[in-house]
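Any read-out appearing in this document is the output of simple, stated calculations on the displayed coordinates, not a laboratory observation. As the structure is a prediction and not an experimental result, all values here were calculated from the model. We place every Cβ from the backbone using ideal geometry, glycine too, and count neighbours over all the protein chains shown.
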């Protein structure tokens, strides 16, 4: 073999080795995302009349940015939970109201994002609106943030009621002045829902469903939501007027992490 042939063979061998090394991380990156089980559905496929304002797919939330795992503004639930909301919506429509969901299934990666945010005590950009009277060091101890969420099991949702015809909600612009979530309704960030006494995701005891400071029409609105949903099998979390879980849960002990996107539901009807 000539010296030139030997050199060429050496170059080919070295090039092949480089390809083999670089191919390993590419293969790892190609690992497919987890998918939703077959009995998870998009709420709009069960009831397209329910209004969806998916806050964690936007920057208007207590974190102040789109939350990890929310690829699209889409409400995903287990089918029994979605069908229960359809029954509740049917009843509310007859009375001139509609449900509006703020959050539904929540991937574990989103919960992990909340935890990282809560541990970063320097990030208090959204305090004035979402936790004006709560020290950020207390978010775990007071139960506002936890390492696991029932939302990740697929049968829990956050929602409210809107009087029809629904008025448009003014979009949130990052950096705009913030107003306390328990300020009077005409001072808070504008929301087309009925007045529940606080805004959504208000870290304050006024958000407790039966807080005695919430009286009159605001209390009646909370009871309309609670009674309507409880009649179709949904149970309220007493600390959050907006938080309900379908019972019995199809997945009471499983915390899913597939992204919130139509792709996670591909092939379902």
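Label positions at residue 146 and residue 38, each projected 7 Å from the Cα along the C-beta direction, are separated by 3.2 nm.
Computed from the C-beta positions of residue 237 and residue 133 and an R0 of 22 Å, the FRET efficiency is 0.60 to the nearest 0.05.
To the nearest 10 degrees, how steeply does helix 216-230 sit against the main Cα axis of the chain, on a 0 to 90 scale? So the inclination is approximately 60 degrees. Among 36-47, 113-124, sorting by the average number of other beta carbon atoms lying within 10 angstrom of each residue, highest first, gives 36-47, 113-124. Classified by the C-alpha gyration tensor, the stretch 36-97 has an oblate form. Its axis ratio a/c, with a ≥ b ≥ c, is 1.5 or above, and a/b does not exceed b/c. Each peptide in 234-247, 74-87 was scored by the mean count of other Cβ atoms within 10 Å over its residues; highest first, the order is 74-87, 234-247. Taking 7 Å steps out from each Cα toward its Cβ at residue 93 and residue 173 produces label points 3.6 nm apart. If you take the alpha carbon atoms of the stretch 59-129 and fit the smallest convex hull around them, that volume is 108 Å³ per residue.
Relative to the dominant Cα principal axis of the chain, helix 108-119 is inclined by about 80°. Calculated FRET efficiency, residue 266 to residue 123, Cβ-Cβ distance, R0 = 30 Å: about 0.30 to the nearest 0.05.
Its residue count N sets the reference 2.2 N^0.38 Å, and the alpha-carbon radius of gyration of the chain equals 1.27 times that reference. When Rg and the Kirkwood Rh are both derived from Cα coordinates, the Rg/Rh ratio for the stretch 187-269 amounts to 1.06. Model label sites at residue 166 and residue 215, defined 7 Å from Cα along the beta-carbon direction, differ in position by 3.3 nm.
Sorting 54-61, 95-102 by their mean Cβ neighbour count within 10 Å, with the most densely packed peptide first, gives 54-61, 95-102.
Centre-to-centre, using Cα atoms only, the stretch 194-252 and the stretch 148-175 are separated by 13 Å. Per-residue ellipticity at 222 nm computed for the chain from its helices equals -9000 deg cm²/dmol, with DSSP H segments shorter than 4 residues left out and the rest contributing -39,500 (n - 2.57).
In percent, rounded to a whole number, the relative contact order of the chain is 25, using alpha-carbon pairs under 8 Å and six or more apart. P(r) for the stretch 128-269, from all Cα pairs and a bin width of 10 Å, is 10, 33, 37, 18, 2 %, short bins first.
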